[in-house]
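Engineer: Below is a structure I'd like to ask you about.
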Amino acid sequence: MSDGHDLSRRRFLAQLLLLPGAAALASDYPAVVPGRPLRFPEDYGAHPDYRVEWWYITGWVAGADGAPVGIQITFFRDRPRLAEDNPSRFAPRQLLFAHAALSDPRLGKLRYDQRAVREGFGLAAATTGTTDVWIDDWSLKLVDRSYVARIVARDFRFELSFAQTQPVMAEGDNSFSRKDRNSASASYYYSEPQLAVSGTVEADGRSARVRGVAWLDHEWSSEPMASEAAGWDWVGLNLDDGGALMAFRMRARSGATLWAGGSLRSADGETRSFDAGEIAFEARRRWRSPRTGIEYPVAMAVRAGAGQFVLEPLMDDQELDALATTGTVYWEGAVRALVAGRELGRGYLELTGYGKPLRL
């Protein structure tokens, strides 16, 4: 894709979202309510009636030299509620976005790319019934029991497979994940930890066969955050013993915690959910971006129930500027999970809303 073509799409989407009436209300979409069980295979796929949805893969891989690198692949679907009565094929019924990133300390900073387009015209789609989402030459598809991803970015390329090794982990109350005291701010949410990664990563003209472990989150919602929330902190950890931990907190503009949640799957497969008061995030070290001036708490202590981990980043500079697509700048980084200085797992930390309040 040419830079000019890409830029024209971004301008189109920016203009589209500024049209009168573009700000649809949460009441225009189906409500997320407790008691809805997960249904597979259909819940692997898109839920186009809801306002926003994402498939989020993060993981650690290494080649023959053993040097670890982080990978991120994210596809977003948005229903803007614009011109849905218009029979024209040009009506923007669904918008699709994608982010991809490579965290390699040897490269000095995060490498990333992004895509944005409306669904249709053979350019992009998010399929119902199974995971099959794509934008041009970027794609994520569930084939048998593996997610197959192909990302052709400006500075790197992924050809990766993510094999399921554990059952789906329903987050919150059987996939109903509250984001605020008000139950209207909630999502349907499940994770797939301990995905076995294999394939190739190419950067700077060098292609390497890699293996590793990854995490997938799939969420869909009509009101994913309360109006008073500035953003969130989130972590997903694949633990070395085969367990998995997810924790998040929604932050107010003051930095205070509005709500929190999480879950822990033990090595024997037992899963427990945490109440809001059982989750805490505490900054241990901050890093200021030389490009945006935004300061992020890139090293964190995370308490989940009786357990506590210290998160240390693979590298500090893992800031992703997505203003051209989803309109935000955020930090999404590979981290190690330490207890008393000993590494017990690896995963990703996401920090949003630190430059300005996040608006989805």
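Engineer: In this structure, does Asp241 turn out to be under 20 Å from Glu332 (Cβ atoms) and of a type in the set (Asp, Glu)? Give the derivation first.
Structural biologist: Numbers: under 20 Å from Glu332 (Cβ atoms): no; of a type in the set (Asp, Glu): yes.
No: the conditions fail for Asp241.
Engineer: I'd like to know if the range 196-209 contains one or more residues that are touching a residue at least 24 places away in the same chain (Cβ under 8 Å), within 24 Å of Glu53 (Cβ to Cβ), out of contact with any Phe, Trp or Tyr (no Cβ under 7 Å at 6 or more places or on another chain) and of a type in the set (A, V, I, L, M, F, W, C).
Structural biologist: Looking for residues that are touching a residue at least 24 places away in the same chain (Cβ under 8 Å), within 24 Å of Glu53 (Cβ to Cβ), out of contact with any Phe, Trp or Tyr (no Cβ under 7 Å at 6 or more places or on another chain) and of a type in the set (A, V, I, L, M, F, W, C), one finds none in the range 196-209, hence no.
Engineer: Does Ala267 count as in a loop (DSSP other than H, G, I, E, B) and either surrounded by 21 or more Cβ atoms within 10 Å (Cβ to Cβ) or of a type outside the set (Asp, Glu) (or both)?
Structural biologist: Values: in a loop (DSSP other than H, G, I, E, B): yes; either surrounded by 21 or more Cβ atoms within 10 Å (Cβ to Cβ) or of a type outside the set (Asp, Glu) (or both): yes.
Judged against the criteria, Ala267 is a match.
Engineer: In addition: Does Pro87 meet the test of being assigned to a loop (DSSP other than H, G, I, E, B), modelled with pLDDT under 95, surrounded by 19 or more Cβ atoms within 10 Å (Cβ to Cβ) and over 15 Å from the mean Cα position of the chain (by Cα)?
Structural biologist: Values: assigned to a loop (DSSP other than H, G, I, E, B): yes; modelled with pLDDT under 95: yes; surrounded by 19 or more Cβ atoms within 10 Å (Cβ to Cβ): no; over 15 Å from the mean Cα position of the chain (by Cα): yes.
No: the conditions fail for Pro87.
Engineer: Looking at Ser161, Ser177, which is the one that is assigned to a strand (DSSP E or B), small (Gly, Ala, Ser), surrounded by fewer than 17 Cβ atoms within 10 Å (Cβ to Cβ) and out of contact with any Pro (no Cβ under 7 Å at 6 or more places or on another chain)?
Structural biologist: On the way: Ser177 fails: surrounded by fewer than 17 Cβ atoms within 10 Å (Cβ to Cβ).
Within the list Ser161, Ser177, the selection yields Ser161.
Engineer: Sticking with this structure for a sec: Against the condition without any contact (Cβ under 8 Å) to a residue 60 or more places away in the chain, assigned to a loop (DSSP other than H, G, I, E, B) and surrounded by fewer than 17 Cβ atoms within 10 Å (Cβ to Cβ), how does Gly129 come out, does it pass? Don't jump to the end; show me each part of the working.
Structural biologist: Details: without any contact (Cβ under 8 Å) to a residue 60 or more places away in the chain: no; assigned to a loop (DSSP other than H, G, I, E, B): yes; surrounded by fewer than 17 Cβ atoms within 10 Å (Cβ to Cβ): yes.
The answer is no for Gly129.
Engineer: Tell me, yes or no, whether the range 308-322 has at least one residue that is loosely packed, with under 15 Cβ neighbours inside 10 Å and more than 18 Å from Thr257 (Cα to Cα).
Structural biologist: no
Engineer: Could you count how many residues in the range 233-257 are of a type outside the set (A, V, I, L, M, F, W, C), closer than 20 Å to Glu278 by Cβ and assigned to a strand (DSSP E or B)?
Structural biologist: Our first condition is that a residue be of a type outside the set (A, V, I, L, M, F, W, C); within the range 233-257, this holds for 233, 236, 238, 240-243, 249, 251, 253-255, 257.
Subsequent filtering for residues that are closer than 20 Å to Glu278 by Cβ retains 233, 236, 243, 249, 251, 255, 257.
Going one step further and asking which of them are assigned to a strand (DSSP E or B), we end up with 233, 236, 249, 251, 257.
Total meeting the criteria: 5.
Engineer: Against the condition of a type in the set (Asp, Glu) and over 25 Å from Pro193 (Cα atoms), how does Asp136 come out, does it pass? Please lay out each step first, then the result.
Structural biologist: Values: of a type in the set (Asp, Glu): yes; over 25 Å from Pro193 (Cα atoms): yes.
Yes: the conditions hold for Asp136.
Engineer: Taking the options Gly277, Gly231, name whichever one is over 25 Å from Gln166 (Cβ atoms) and free of Cβ contacts under 8 Å to residues at least 40 places away in the same chain. Reasoning before the result, please.
Structural biologist: On the way: Gly231 fails: free of Cβ contacts under 8 Å to residues at least 40 places away in the same chain.
Only one candidate passes the filter, namely Gly277.
Engineer: Can you tell me which residues in the range 139-169 are touching a residue at least 40 places away in the same chain (Cβ under 8 Å) and more than 18 Å from Tyr44 (Cα to Cα)?
Structural biologist: Result: Ile151, Ala153, Arg154, Asp155, Phe156, Arg157, Phe158, Glu159, Leu160.
The values are calculated or read from the model by the stated rules, or taken from the named source; none is laboratory data. What you are looking at is a predicted structure, and each value in this text was computed from that prediction instead of being measured. Cβ coordinates were reconstructed from backbone atoms using ideal geometry, including for glycine residues, and neighbour counts include every protein chain displayed.
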